[in-house]
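Please read the structure below before turning to the comments.
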């Protein structure tokens, strides 16, 4: 009998075992099985007997726990000890990898199955009522590995790892010196706990010795400065800008009296020779944890961080200030150092760094990343150049403006086909991107919209004017952000704009004009309202955005934010109904009030979430709620209500 890790080439074989072992209700989908073979957070094992595949098992990896998600043995090979051998193998894998516990769910009515797990030491820890359906309970069972606990907590030891000969470091108390080669290869350091690693190698460049020191320290669950994430951040201008935004107020205050439009400040162990900037450098050192750094600030309208670069230690002159800073630094009992996290899921956030008006600004993107990190995601911002990497992730969150005819839809469709959780899903993009679909969906659902006509080249202008009156709103079917939308007040202008729109589309949406000072925008996710805003019309304009305005300040109107409970009930009701007509995605529903009537104007996928606008009421909770919805969808897709065979 052979037990080996399954590979993508085994997909069809695993699928045949799956179909033979489970009914349709509890069967894992082909796409989910495919994802299990690709993701870094699951382990799949295949059992072969006399060269034939006969069984498999899937383990989910969480921070400290393995979960036996599925184990299946073909019926012809049961009662031959294969299941027992596979279970022992799973327990061995968990213990070898350092997990403290392994859990599973089992049918509470299958007593033979329960006795099977109990024979390995599993214990029932919770009853899960209706787990498989009404009156079909399950038991959650757990097996805890014995762990040798120290009698008392050990004191942390500071190890400085370097590939240079630095005599001045030998004069500093509170540290132990070790060369990089020894740290990497000596088994003692592979097993060490209760240590802090300070990486003072000559270079942190990708695949350099310094890079591998931080990488291995993270893999060994040792606290390290700088960690791999920080090293990667140095080369990412978007991340630098996003992280730097957290210290915006401090940056403006510290540099406000500076007459030049740029400045470089050095940080030696969180200290700078320029005392008036010490508070700023100390704060930035908390955000960019690295021993020797130079920060470059530039001023356009406001000050911002342009670059953050590590200073090679070989270029640092070990003068009295540097030595004093090092002594003070290593005397600390507590360090703001985070471990390399064992993330549960991988989240990709698709952005366009060159987009002028993206759905989320840099601070909002940072808040999404922070919320995701705290919820157990490894989060990475990706661009259109990362199309080939989609299957590395568990979920895709699109924060670039979506359109059916560009790469955002391709990303969404591909990610969906690969079994990822996707917001915005391809169906939402398709539906929301076309005003014709929206019109028909709202009509079918009995939701009030402005009086609307679908116009073709054969339509008669007089009939259109008699039906809708003047002025008339003309919309290109795939228009967005107030582009491709025209207000016409004369027959001549109506003909002119229709001719223009017909050059791009065979059909045009025409609507009666509803005057208003603002549009309501209700953000809805999974059919639940998240935020509510009034988008006021741009100055001296009939839309919320005036792209022709020469004054950028007048290009958009003001925005007021409201608690959901303070919004008129009929507004919320229309928004929820309109969003449900489109799906269960993340939507921004635009509505107008005219007299006592409420009209749905549009349902937008990929709605804006910007700092201090849509998040004004909920603050960080808005970002957490959205990320939590993504997390819940992943969990639901993984935790199908099924039993092991």
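Of the DSSP beta bridges with both residues in the chain, give the percent that are antiparallel, rounding to the nearest 5. Each step should come with its number before you reach the end.
Values: 87 of 115 bridges.
Bridges in the chain are about 75 percent antiparallel.
Run the quick spin-label model on residue 174 and residue 540: label points 7 Å from Cα toward the beta carbon, then report their separation in nm to one decimal.
Calculated label separation equals 6.4 nm.
In nm, what is the difference between 0.36 nm times the number of residues separating residue 85 and residue 632 and their Cα-Cα distance?
Values: separation 547, 0.36 × 547 = 196.92 nm, distance 3.37 nm.
Contour length minus Cα-Cα distance gives 193.6 nm.
Which length gain, in nm to one decimal place, applies between residue 258 and residue 492 when the Cα-Cα distance is subtracted from 0.36 nm times their residue separation? All intermediate terms of the calculation are to be shown ahead of the outcome.
Working: separation 234, 0.36 × 234 = 84.24 nm, distance 5.74 nm.
Roughly 78.5 nm would be gained on extension.
When the Cα centres of the stretch 160-216 and the stretch 42-60 are compared, how far apart do they sit, in Å?
Answer, in whole Å: 40.
Show me the ranking of peptides 469-478, 536-545 by mean Cβ neighbours inside 10 Å, starting with the highest.
Values: 469-478: 18.9, 536-545: 16.7.
Output ranking for 469-478, 536-545: 469-478, 536-545.
Take every DSSP beta bridge whose two residues both sit in the stretch 154-336, then give the antiparallel share in percent to the nearest 5. Display every interim value, and only then the final one.
On the way: 15 of 27 bridges.
Percentage antiparallel, nearest 5: 55.
Roughly how many whole Å is it from the C-alpha centroid of the stretch 568-643 to that of the stretch 11-32?
34 Å
I'd like the antiparallel share, as a percent to the nearest 5, of DSSP beta bridges with both residues in the stretch 2-148.
Here the antiparallel bridges make up roughly 90 percent for the stretch 2-148.
So how do 611-618, 107-114 stack up, highest first, on mean other-Cβ count within 10 Å?
Most protected by this proxy first, the peptides run 611-618, 107-114.
Tell me, 590, 636 in order of fewest to most beta-carbon neighbours within 10 Å?
On the way: 590 20, 636 11.
Sorted ascending by nearby Cβ count, the order is 636, 590.
In the stretch 498-540, which residues have a backbone nitrogen under 11 Å from the label point lying 7 Å from residue 551's Cα in the Cα-to-Cβ direction?
Inside the label zone: 539-540.
What percent does the relative contact order of the stretch 154-336 come to when contacts are Cα pairs within less than 8 Å and at least six residues apart? It would help to have the intermediate numbers written out before the result.
Working: 276 pairs, mean separation 36.6, N = 183.
The normalised contact order for the stretch 154-336 reaches 20 percent.
Using r as the Cβ-Cβ distance of residue 570 and residue 403, and R0 as 35 Å, what FRET efficiency do you calculate, to the nearest 0.05? Walk me through the intermediate numbers first.
On the way: r = 32 Å, r/R0 = 0.90.
About 0.65, to the nearest 0.05.
How much length would be gained if the chain were fully extended between residue 561 and residue 620, taking 0.36 nm per residue of separation minus their Cα-Cα distance, in nm to one decimal? Spell out each step's value before the answer.
Numbers: separation 59, 0.36 × 59 = 21.24 nm, distance 1.48 nm.
Value of the extension gain: 19.8 nm.
Would you calculate a helix-derived [θ] at 222 nm for the chain, using -39,500 (n - 2.57) for each DSSP H run of n ≥ 4 and dividing by the full residue count, to the nearest 500? Walk me through the numbers on the way to the answer.
Working: 20 runs with 202 residues, N = 645.
When only DSSP H runs of four or more count, the value is -9000 deg cm²/dmol.
Quick check on the chain: take the gyration tensor over C-alpha atoms, sort the square-rooted eigenvalues as a ≥ b ≥ c, and tell me if it's rounded (a/c under 1.5), prolate or oblate.
Numbers: a/c = 2.50, a/b = 1.23, b/c = 2.04.
Oblate, since a/c reaches 1.5 and b/c is not below a/b.
Report the Stokes-Einstein translational diffusion coefficient (µm² s⁻¹, integer) for the stretch 2-148, Rh taken as the Kirkwood radius over Cα pairs, at 10 °C with viscosity 1.306 mPa s. Please list the in-between numbers first.
Working: Rh = 15.9 Å.
Calculated translational D: 100 µm²/s.
Within the P(r) computed for the stretch 451-512, what percentage of the Cα pairs occupies the region above 14 Å? Don't skip to the answer; put the middle values down first.
Details: 912 of 1891 pairs.
That fraction is 48 percent.
What are the semi-axes of the equivalent ellipsoid of the stretch 154-336, taken as the square roots of 5 times the eigenvalues of the Cα gyration tensor, listed largest first and rounded to whole Å?
Each semi-axis is the square root of five times an eigenvalue, giving 30, 18, 14 Å.
Just check the stretch 21-100 against the gyration tensor rule for me: Cα atoms, a ≥ b ≥ c as the square roots of the eigenvalues, rounded for a/c under 1.5, and otherwise prolate or oblate depending on whether a/b exceeds b/c. Don't skip to the answer; put the middle values down first.
On the way: a/c = 1.93, a/b = 1.19, b/c = 1.61.
Taking the square roots of the gyration eigenvalues as a ≥ b ≥ c, the stretch 21-100 is oblate.
Given an 8 Å cut-off on Cα distances and at least 6 residues of separation, report the relative contact order of the chain as a percent. It would help to have the intermediate numbers written out before the result.
Values: 1143 pairs, mean separation 66.3, N = 645.
Result for the chain is 10 percent.
Take the alpha carbon gyration tensor of the stretch 291-422, find the square roots of its eigenvalues, order them as a ≥ b ≥ c, and report rounded if a/c is under 1.5; if not, report prolate when a/b exceeds b/c, else oblate.
Numbers: a/c = 2.89, a/b = 1.87, b/c = 1.55.
Verdict is prolate for the stretch 291-422.
Just so you know, all these numbers are worked out from the coordinates, no wet-lab data involved. Worth saying up front: this structure is predicted, and the values here are computed from it rather than measured. Note that each Cβ is placed from the backbone with ideal geometry, even for glycine, and that neighbours are counted across all protein chains shown.
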